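In what follows, a structure is listed as structure tokens, so that the remarks can point back to it.
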Amino acid sequence: MEMNSDANELHQIEKELNVEILPGTEIMTDVGSHHFVKGSRHVLVPQPSSDPHDPLNWTPLWKSLAIISATTVSFTQGFGPLSLAPTFGYLIEAFHSNLTDVVRFTGVAILVLGFSNFIWVPLSTSFGRRPVYIVSQLVCLGSAVWRARATTYGSFMGACVLNGIGAGPAETIQLAVIADIFFLHDRGFWNTLYWVFYMGSLMVAPIISGSMALHLGWRAFWWLYFAMTIVSLLMVIFMFPETKWHRLHPDEILKNASTSPLESSEKVIDKKEEVEYSSTAANDNLAREETADRDPWLGKGKPSKQQWKFYQPNANPWNSILMDLWIPWKLFAFPIAEFTAFVVSWSCSSFLTINLTQAQNFAVPPYNFTSQTIGFTNFAILIGAFIGLATNGILSDWISDRATRKNKGIREPEMRLPAMIPYVCIMILGNFVVAFGYQQKWPWEAIVIIGYTCAGIQVASIPAIVTTYAVDSYKPVAGSLMVAVTVNKNVWGYGFAEFITPWIIKQGYIPPIMTNMSLITLWCSFGILFYYCGKTFRRWSRNSSVHRL
């Protein structure tokens, strides 16, 4: 009987709003007699529990400490794999190799990095984010020492593989942390901030490695990487409590409802992760409660002693791990996951193009840049990334909020997709300038200031928009979703690293760069289809088990 009451409640809201509520659809306003826990201006999605240790209830200080620590992990783990570009000449000399072979150092690290998340994400889901961050940073420390001491090509390649394994969480775990501690209306900004710092590390590393290689030798860079990772590891140990928190999904709520109507009514409000509807029809007094009565700990909570332990106990860890190994492959059957994977993969490859070609273009006439100067060109990409941070998060959240108000307080994930439009145009401009500038030896100022800056803007923006869209659509499997995206991205990145140098030698810069740009434009153009049909795609998977994990 209680189960029917809950179902009727949802249908009543759908009827009042004349809208179908699917996974990903969020109610951002009160509806008739249905009231929700609110922040200053928004209904809070997901609804926080009344537990002071719920990460959604933590004070701004604790949330800040956790997100800063997580960001240092993403930054340091991204610092190593793509840092080699300005030092290719030194590596060729040190290992008696050639350009194609030393470029492979980067490609192999990228490939391993993607697949390593089949280790890290299941562990994160089963035992928490904290142990994954600690162990992965220890692996990165080992790879830093190995890279610094390697004396043969094979040894350095082994260190690259180890670095790729350790750096995997940089591409998946922080997005889960953001979903753990921040509400829906804030995630656009925080997801963009994550992308900027992660991609920023890929941009800053070549700047530093080029300069250090010139003045101190290329090995010195890896000792710097070691020191940075130590600092990040200490921050995680002392500033990052566990953020993983189990929230009851609808099936669990309905199961509890059969035992205690009053208790289930409270849990519907306090625990349900998706948009919660209060059981006002069954308990009229509940509708009149103030937000402080519903969740007295909102903004006042703190971590418990249990959340500071190395890992969180799990009664069925193997079931969790096996499920996380399967879910990323299952997600490839979902159109939204495929769309996100392809857009992120090719948007990031636009930045990878610059990383892999800057040395071979600027180290020769008419430029004759040193490794330090080649590294400094990455400042333009970094500045572009900060422009993306300053504009994209605010723009996508504003567009979503505006569309939500027009839609009677109902937010659909697709509402943020129009924010892609200006950044796709910027991406096209940047690729044109880089391709034709390289080929026709334009002044370096045009290539760097326009082309590289555009690359930074788009790579900080487009992936952030589409990953936020996908996570909003499939929040319960955010970690597995990012594994699917990362594997797709890094397989393509490895392939691109393998064939771009021979292709450039054979046909010049324009064919590979413009082909890549055309593919980015093609995948991004599917955003139009998803803007109009995304809800239909979500309807297809509404009964999937991924929404009950």
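The values are calculated or read from the model by the stated rules, or taken from the named source; none is laboratory data. Only a predicted model underlies this, so the values are computations on that prediction, with no experimental measurement involved. Using ideal geometry, Cβ is built from the backbone for each residue, glycine included, and neighbour counts are taken over all protein chains shown. For accessibility, only protein heavy atoms count, side chains too; no ligands or nucleic acids. Shrake-Rupley method; radii C 1.70, N 1.55, O 1.52, S 1.80 Å.
Sort ASP186, ASP401, ASP54 by accessible area with a 1.4 Å probe, largest first.
Highest to lowest solvent-accessible surface, that is ASP186, ASP401, ASP54.
Can you give the extra length, in nm with one decimal, that the chain gains between HIS215 and ASP51 once fully stretched, where that is 0.36 nm per residue apart less the Cα-Cα distance?
Here the answer is 53.6 nm.
If you consider only alpha-carbon coordinates, what radius of gyration and Dmax does region 329-548 have, in Å?
18.7, 61
Can you sort LYS302, LYS489 by 1.4 Å-probe accessible area, starting with the largest?
LYS302, LYS489
On the accessible surface of region 92-219, probed at 1.4 Å, how many percent belong to carbon and sulfur atoms?
70 percent
What FRET efficiency, computed as 1/(1 + (r/R0)^6) with R0 = 41 Å and r the Cβ-Cβ distance, is obtained for SER155 and TYR367, rounded to the nearest 0.05?
0.80
Among the chymotrypsin sites (Phe, Trp or Tyr not before Pro) in region 317-371, which ones are in a DSSP loop with at most 15 other Cβ atoms within 10 Å of the Cβ? Mind listing them?
PHE332, TYR367
Which entries of LYS330/LYS489; LYS63/LYS475; LYS441/LYS489 have Cα-Cα distances beyond 23 Å here?
LYS441/LYS489
So for the pair ILE421, LEU522, with labels modelled 7 Å out along Cα→Cβ, what separation do we get in nm?
2.4 nm
Work out the FRET efficiency for VAL231 and GLU20 from their Cβ-Cβ distance, taking R0 = 45 Å, and round it to the nearest 0.05.
0.35
Work out from phi, with θ = phi - 60° and the Karplus expression 6.51 cos²θ - 1.76 cosθ + 1.60, the ³J(HN,Hα) of each residue of region 337-346, listed in order in whole Hz, and give x for Gly and Pro.
5, 5, 4, 4, 4, 6, 5, 4, 4, 7
When Lys and Arg each count +1 and Asp and Glu each count -1, what net charge do the other residues less than 12 Å away from ARG402, Cβ to Cβ, add up to?
+2
If you put +1 on each Lys and Arg Cβ and -1 on each Asp and Glu Cβ, how big is the dipole of region 329-548 around its Cα centre, in Debye rounded to 20?
About 880 debye.
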